Amino acid sequence: MLHGLHALLAPAVAERLTLVINHVLGSEAVAVQRLRPHAGRTLALALQGWPSLLPPPPALAWRVTPAGLLEWCGADGVATPDLSVQLDASNPAAMAARAFAGELLPLAIDGDAVLASDVNWLLQNLRWDVAADLERLFGPVVAQQLHRLGSAFAGALRRALHGAAELGERLRAGRP
């Protein structure tokens, strides 16, 4: 039953992640301009060292569209991507805490140098402006309150993930 649930949820998660990535890319004209020349090329994200106790992540591989956005390649991914990005995911809680803190995660990149350069530029320069999106949906007054609430929640989540990461490291090292 758990396997069947995972088979249903993993593609949905990957598709929603693709929508978020495309939303962030589409909000900056320079981002799509940097990706347009790479139309048809593929990039894959591999989460190295993913804990076996957790359900495996979905195949994270995308094809660059002629519009300069990304299209998820499906549950099977791609055999040989033009660009392969490896991320140490042996401690997902620590990885999530660092990502929520806005830190760039250490990556290993292999493949097309020009595509890698453009993807690296995107990783270093693009940020999701959540406040602006909330304002478009709810207006400035409600958006400000929602943004404050979300920031407080994100801070609490960061602290909880940081604590979980420290606990995981202590347990891995054999310390109580």
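The values are calculated or read from the model by the stated rules, or taken from the named source; none is laboratory data. Everything numeric here is computed off the predicted structure, so don't read it as measured data. All Cβ positions, glycine included, derive from the backbone under ideal geometry; neighbour counts span all protein chains shown.
Odds and ends about this structure:
- Scope the stretch 26-73; condition farther than 30 Å from residue 8 by Cβ, in a loop (DSSP other than H, G, I, E, B) and at pLDDT 90 or above; matching residues: 39, 66, 68
So that you can scan it fast, the table gives a plain yes or no per residue for (1) at pLDDT below 75; (2) in contact with a His (Cβ under 6 Å, 6 or more places away or on another chain); (3) assigned by TED's automatic domain parsing to the domain that holds residue 20; (4) of a type outside the set (D, E, K, R):
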| residue | (1), (2), (3), (4) |
| --- | --- |
| 89 | no, no, yes, yes |
| 100 | yes, no, yes, yes |
| 145 | yes, no, no, yes |
| 166 | yes, no, no, no |
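- Exactly one residue among 24, 13, 32 is without any contact (Cβ under 8 Å) to a residue 40 or more places away in the chain and surrounded by 12 or more Cβ atoms within 10 Å (Cβ to Cβ), and that residue is 32.
- Subset of the stretch 70-86 (residues that are touching a helix residue (DSSP H, G or I) at 6+ places or on another chain (Cβ under 7 Å) and either crowded, with 19+ Cβ neighbours inside 10 Å or of a type in the set (Phe, Trp, Tyr) (or both)): 70, 72, 83
- Comparison of 44, 7 shows that the only residue that is in contact with a Gly (Cβ under 7 Å, 6 or more places away or on another chain) and not acidic (Asp, Glu) is 44.
- Count - residues of the stretch 74-122 that are in a helix (DSSP H, G or I), within 26 Å of residue 55 (Cβ to Cβ) and not small (Gly, Ala, Ser): 4
- Flag if residue 134 is in contact with a helix residue (DSSP H, G or I) (Cβ under 8 Å, 6 or more places away or on another chain) and at pLDDT below 70: yes
- Meets criteria (among the hydroxyl-bearing types (Ser, Thr, Tyr), farther than 16 Å from residue 10 by Cβ and crowded, with 19+ Cβ neighbours inside 10 Å) for residue 117: no
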